[in-house]
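Novice: Structure incoming, see below.
Only the coordinates and a few stated rules stand behind these numbers; no lab work does. Being a predicted model, the structure only gives us computed values, none of them experimental. In this analysis, Cβ positions are derived from the backbone assuming ideal geometry, glycine residues included, and neighbour counts consider all displayed protein chains.
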Amino acid sequence: MKPLDAAFQPYRWAPTTVELARRAGIDPVELIRFDGNVPPLPLPSSRPATVAAALARVNEYPRALYPVLTDAIAEYAGVAPENVVLGAGGDDLILLVARAFAGPGDVVAIADDPTYSLFRVAAELAGARVGDDDPALTFCCRPNNPTGALDPLPRARPLVVDEAYWEFSGAEGAVGLIDDGVIVLRTFSKAFALAGARVGYALASAEVAAELNTRQAPAPISSLSAALALAALASPPDLGPTLEERDRLAAELRSLGYEPLPSYGNFLFVPADEPHELADRLLARGCVVRVYENGIRITVHDREDDDVLLAALAGNDAPQGRRARHLRATAETQLRVRLDLDGQSRVRVATGAGIYDHFLEQLAFHGGLDLILEGMGDLETGPHHTAEDAAIALGEALDRALGDRRGIARYGDAVVPMDDALARAAVDLGGRRASVLDLQLDPGLAKHMLQSLADSGRMCIHVEATGDDAHHVAEAAFKAVGRALRAALRPEGSLVPSTKGIL
């Protein structure tokens with residue numbers, strides 16, 4: 001094996017979530033990663049059902065899916081299929097292009113330093129050196145990572161333009177220049193939330209693409225990854241909320257005295273005098289950012305997560321109270337919960353399960369909880385799995401937030417009238433799993449959801465609900481359970497609420 005140059009610096013991954021959480025002294029589920037420039041949740045299309053057919057043929061090579069995916073990418077990018085080269089993420093294609101165009105004794109130019117460090121790694125692995133004198137190849141990241149800038153393209157040819165963040169930029173991109181010595185690299189890791197699937201593609205002239213395909217591995221991506229990419233292209237994400245939140249986050253950072261650079265990506269670069277010290281302070285609050293020598297890079301999440309980061313940057317005391325973050329993932333569903341038992345009834349439930357999302361919203365609102373419960377399920381088979389797992393996920397988060405349950409009232413009850421319906425509920429948070437539920441009418445899954453909540457939350461729930469309309473009966477029942485929970489969750493001293501001294 002040929003030895004690498006002693007000065008060679010390999011690409012270094014960020015530490016794992018488990019390692020960072022251990023360093024911060026918190027549960028890994030409580031850590032928010034603002035350092036990866038990937039969306040906080042997968043797309044709705046990224047579900048087990050999407051890969052079921054590919055999984056049934058996982059014993060075979062994925063050759064049948066490649067032409068289908070290449071055609072879909074070509075249509076999306078506005079090119080011909082012969083202009084497309086598949087790769088295991090954009091990184092694979094960076095390495096491929098570098099070794100195709102450069103070798104020992106060649107020079108590779110890299111525009112807009114600081115930029116993506118893998119360009120240098122790829123050049124040096126190909127045996128070339130990085131410089132500006134008569135380059136055999138030039139790399140450019142646009143929008144640039146980490147600054148988010150959308151600078152003019154270099155005039156050098158051949159030119160590789162890494163457009164990993166192109167979907168967030170609103171720009172036309174460089175695809176119109178592929179017949180002028182330009183190779184465009186894109187990825188499904190960012191806008192399409194498939195970083196773990198490792199799917200990327202290059203767009204080049206037919207001649208260059210053919211040469212790259214000749215040098216590429218015979219099967220660069222798996223059949224499961226190809227199926228996920230096809231599903232994502234069939235239902236592209238709405239990036240509007242991310243762009244709006246990027247602008248809001250930038251404005252809030254400026255109000256705190258920071259000066260984030262203008263960004264055309266899904267992240268912000270914030271100059272800082274002591275970036276490592278700042279990053280350590282944020283890590284202690286459960287927020288992970290990417291650190292550079294002259295600043296930090298922050299991935300845009302949603303308002304709730306970003307507000308946690310802003311509070312940490314502002315130096316506010318860490319929020320006290322009974323909180324939990326929880327992820328529940330099964331073969332049918334993926335659900336994320338953010339819960340504060342001492343909240344102000346700020347609630348959002350978005351799983352796609354319709355009326356059952358509404359019932360959980362009513363329970364949380366009347367329970368005085370702050371709740372964000374979002375995710376997806378196999379709704380094509382009906383709402384059962386999604387509604388059931390949403391209730392289970394909420395119960396698991398409640399159990400986590402309650403801890404040892406010391407100092408709570410433990411018992412609570414409520415009566416809720418709703419038009420024709422009347423519901424009575426009582427709850428016991430003593431740790432015993434039980435549910436006695438009598439709903440005169442049920443729209444389908446209301447009783448089952450309350451049973452699932454009681455079991456996963458280690459609580460006892462009694463409900464009686466009567467009325468003429470199934471929706472009203474179930475909604476009144478959920479409201480009553482919420483009101484009863486509000487009473488049972490009420491702080492009441494510091495003792496374990498049991499004569500046994502243990503729950």
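Novice: If the cut-off is 15 Å between C-alpha atoms, which aspartates and glutamates fall inside it for LYS500, apart from same-chain ones fewer than 8 positions away?
Specialist: ASP404
Novice: So who's got an amide H within less than 5 Å of the one on VAL347, skipping anything under 5 residues away but keeping other chains? H placed 1.01 Å off N, in plane.
Specialist: For VAL347, the qualifying residues are LEU371.
Novice: Find how much the distance from THR499 to VAL18 grows on full extension, using 0.36 nm per residue of separation minus their present alpha carbon separation; answer in nm with one decimal.
Specialist: Gain on extension, THR499 to VAL18, equals 169.3 nm.
Novice: Antiparallel versus total DSSP beta bridges in the chain: what percent is that, nearest 5?
Specialist: Bridges in the chain that DSSP calls antiparallel: roughly 65 percent.
Novice: May I ask you to evaluate 6.51 cos²θ - 1.76 cosθ + 1.60, the Karplus curve with θ = phi - 60°, for each residue of region 291-303 and list the ³J(HN,Hα) values in order in whole Hz, giving x for glycine and proline?
Specialist: Working through the residues one at a time gives 9, 10, 5, 10, x, 10, 10, 10, 6, 6, 9, 10, 4 Hz.
Novice: How large is ³J(HN,Hα) for each residue in region 264-277, as worked out from phi by the Karplus curve 6.51 cos²θ - 1.76 cosθ + 1.60 (θ = phi - 60°), to whole Hz, x for Gly and Pro?
Specialist: Result, ordered by residue: 10, x, 9, 8, 10, 9, 10, x, 8, 6, 10, x, 5, 5 Hz.
Novice: Would you list which aspartates and glutamates come within 19 Å of LYS2, measuring only between C-alpha atoms, while excluding same-chain residues fewer than 8 positions from it?
Specialist: Result set, ordered by chain and number: ASP106, GLU124.
Novice: Can you give me the distance in nm between label points at ALA219 and ALA284, each placed 7 Å from the Cα along the Cα-to-Cβ direction?
Specialist: Computed distance between label sites ALA219 and ALA284 equals 5.1 nm.
Novice: Among VAL97, VAL463, VAL415, rank each residue by its count of other Cβ atoms within 10 Å, from fewest to most, as a rough exposure measure. The partial results should precede the final answer.
Specialist: Numbers: VAL97 27, VAL463 24, VAL415 13.
Fewest-to-most Cβ neighbours within 10 Å comes out as VAL415, VAL463, VAL97.
Novice: A further question on this structure: Using only Cα atoms, find the angle between the long axis of helix 223-234 and the longest principal axis of the chain, and express it within 0 to 90 degrees, rounded to the nearest 10.
Specialist: The two axes meet at around 80 degrees.
Novice: Another question, if that's okay. At 10 °C and 1.306 mPa s, grab the translational diffusion coefficient of region 48-234 from Stokes-Einstein with a Kirkwood Rh over Cα pairs, rounded to a whole number in µm² per second.
Specialist: Once the numbers are plugged in, D ends up at 95 µm²/s.
Novice: Shifting gears a bit: Apply the a/c threshold of 1.5 to the C-alpha gyration tensor of region 327-372 and tell me whether it is rounded, prolate or oblate.
Specialist: oblate
Novice: Output the relative contact order of the chain, whole-number percent, from Cα pairs under 8 angstrom with separation of 6+ residues. Numbers along the way, then the final one.
Specialist: Numbers: 1084 pairs, mean separation 63.4, N = 503.
Once divided by the residue count of the chain, the mean separation gives 13 percent.
Novice: Among CYS287, CYS141, which comes first, then next, by fewest other beta-carbon atoms within 10 Å?
Specialist: Listed from fewest to most nearby Cβ atoms, that is CYS287, CYS141.
Novice: Which shape class applies to the chain: rounded if a/c is under 1.5, otherwise prolate when a/b exceeds b/c and oblate if not, where a ≥ b ≥ c are the square roots of the Cα gyration tensor eigenvalues?
Specialist: prolate
Novice: Round to a whole angstrom and tell me the spacing of the C-alpha centers of region 446-498 and region 190-214.
Specialist: 52 Å
Novice: Rounded to the nearest 5, what % of DSSP beta bridges with both residues in region 48-234 are antiparallel?
Specialist: Roughly 40 percent of the DSSP beta bridges within region 48-234 come out antiparallel.
Novice: Residue by residue through region 334-347, which ³J(HN,Hα) values in whole Hz follow from phi under the Karplus form 6.51 cos²θ - 1.76 cosθ + 1.60 (θ = phi - 60°), with glycine and proline marked x?
Specialist: With coefficients 6.51, -1.76 and 1.60, one gets 9, 9, 10, 10, 10, 9, 10, 5, 9, x, 10, 6, 8, 10 Hz.
Novice: Compute the relative contact order of region 210-357 as a whole-number percentage, counting only Cα pairs closer than 8 Å that sit 6 or more residues apart in sequence.
Specialist: Relative contact order for region 210-357 comes out at 14 percent.
Novice: For GLN344 and ASP247, calculate 0.36 nm times their separation in residues minus their Cα-Cα distance, and state this gained length in nm to one decimal.
Specialist: Value of the extension gain: 32.3 nm.
Novice: Rounded, prolate or oblate, given the Cα gyration tensor of region 294-427, with a/c below 1.5 counting as rounded?
Specialist: Here region 294-427 falls in the oblate category.
Novice: Quickly rank 124-134, 305-315, 199-209 as a protection proxy: mean count of other C-beta atoms within 10 Å, highest first. Kindly include the intermediate steps, with their values, before the conclusion.
Specialist: Details: 124-134: 15.4, 305-315: 17.8, 199-209: 22.5.
Order by mean packing, descending: 199-209, 305-315, 124-134.
Novice: Which of the lysines could be linked to LYS479 by a straight reach, that is with a Cα gap under 29 Å, when you skip same-chain ones fewer than 8 residues away?
Specialist: By straight Cα distance, LYS479 reaches LYS447.
Novice: Residue separation times 0.36 nm, minus the C-alpha to C-alpha distance between ARG254 and ARG155: what's the value?
Specialist: 32.2 nm
Novice: A follow-up question, please. Using a 7 Å offset from Cα along Cα-Cβ at ASP5, what residues in region 120-159 end up with backbone N under 12 Å from the label point?
Specialist: Flagged as within label range: 120-132.
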